[in-house]
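This report refers to the structure that appears directly beneath it.
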Amino acid sequence: MNKWIVMAATLLLVTGCASAPKDDPWADPKDPYEEFNRDMWEFNEELDDAVLRPAAKAYGYIPKPVRTGLLNAAENLDEVSSLVNNLLQGKVVDAGVSFWRFTINSTVGVLGVFDVATEIGIDRREEGFGEVLAAYGVPDGPYLMLPGMGPTVPVDRGGDVVDGMYFPLDNLSGPLSAARWVIKGLDTRLQLIELEPMLEDSLDPYSFVKESYYQRWLDKKFDGNPPEEPQEEELSEDFYDQF
């Protein structure tokens, strides 16, 4: 089943069946569907143990230069969407960087297999349509743990749907699109193996992943400069003197 159908069905299920924990003073306002999300977290853990982690470890046996080339080619196809999304936010310079990256890597880099642009100092200016929506004031929406896809917020994952409609992604055949998705997914899961000790040492792995996702999302949304969260006011010395 197409992953976007799964995502849409999950969003409808959450919207229709879940209810926010209004009376719980300890509830996270960003995570009104925590009960559903924790069920999906357990489902994803079982899926990961049975399929994803073993597949990623097997993928790791492929020589690293080959894996790097496959990932480079997959990510090169994202440059056009980054170009458009940067333009939609008025980031003309970053859009130009994405244009030249795609041009150089698609030609000199042999369809993106070799990241020549980075080697000559032209670094990625990755930008998704979810970040465009956020820049125009669209709210993040509730935190969701999607089956088989992990943590997200609607504006982020919904933006990915639009990104997939840009050239050349919209022209990829089904097998090529699936291969690109698998390559990026396996590479990401392989990198996460190194972070597993941190997850295992956390008191609540679900909350650890949620906060990690939000830190990454805020970093993307604010281009690496997220605003500081308001801190609770410190109690005055007069308060402590009473004791």
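The values are calculated or read from the model by the stated rules, or taken from the named source; none is laboratory data. Quick caveat, the model's predicted, so the values are computed rather than measured. Neighbour counts are summed over all protein chains in view; Cβ atoms, including those assigned to glycine, are modelled from backbone coordinates with ideal geometry. These accessible areas exclude ligands, DNA and RNA; they are computed on the full protein's heavy atoms, side chains included. Shrake-Rupley method; radii C 1.70, N 1.55, O 1.52, S 1.80 Å.
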Spin-label zone in region 170-202 - amide nitrogen under 17 Å from a point set 7 Å from the Cα of THR118 along the C-beta vector: 183-192
Protection proxy ranking of 83-92, 189-198 - average other beta-carbon atoms within 10 Å, highest first: 83-92, 189-198
Cα centroid separation - region 23-85 against region 128-166, whole Å: 14
Stokes-Einstein diffusion coefficient of region 131-209, Kirkwood radius over Cα pairs, 25 °C, 0.890 mPa s, in µm²/s: 164
Nitroxide proxy distance, nm - points 7 Å out along Cα→Cβ at GLU42 and VAL138: 3.3
Over 18 Å between alpha carbons, listed pairs LYS30/LYS221; LYS91/LYS220; LYS57/LYS184; LYS91/LYS210: LYS91/LYS210
Inter-probe distance in nm under a simple model that places probes 7 Å from Cα toward Cβ, at LEU111 and ASN225: 4.0
Net length gained if the chain between PHE167 and ILE193 were fully extended (0.36 nm per residue, minus Cα distance): 6.1 nm
Accessible-area value, ASP170, 1.4 Å probe, nucleic acids and ligands omitted, Å²: 80
Extension gain, GLU200 back to GLN215 (0.36 nm per residue minus Cα-Cα distance, nm): 3.5 nm
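Using only alpha carbons, build the gyration tensor for region 84-243 and give me the equivalent ellipsoid semi-axes, biggest first, whole Å. Before the final figure, lay out each step's value.
Working: eigenvalues 264, 89, 58 Å².
Square roots of five times the eigenvalues give 36, 21, 17 Å.
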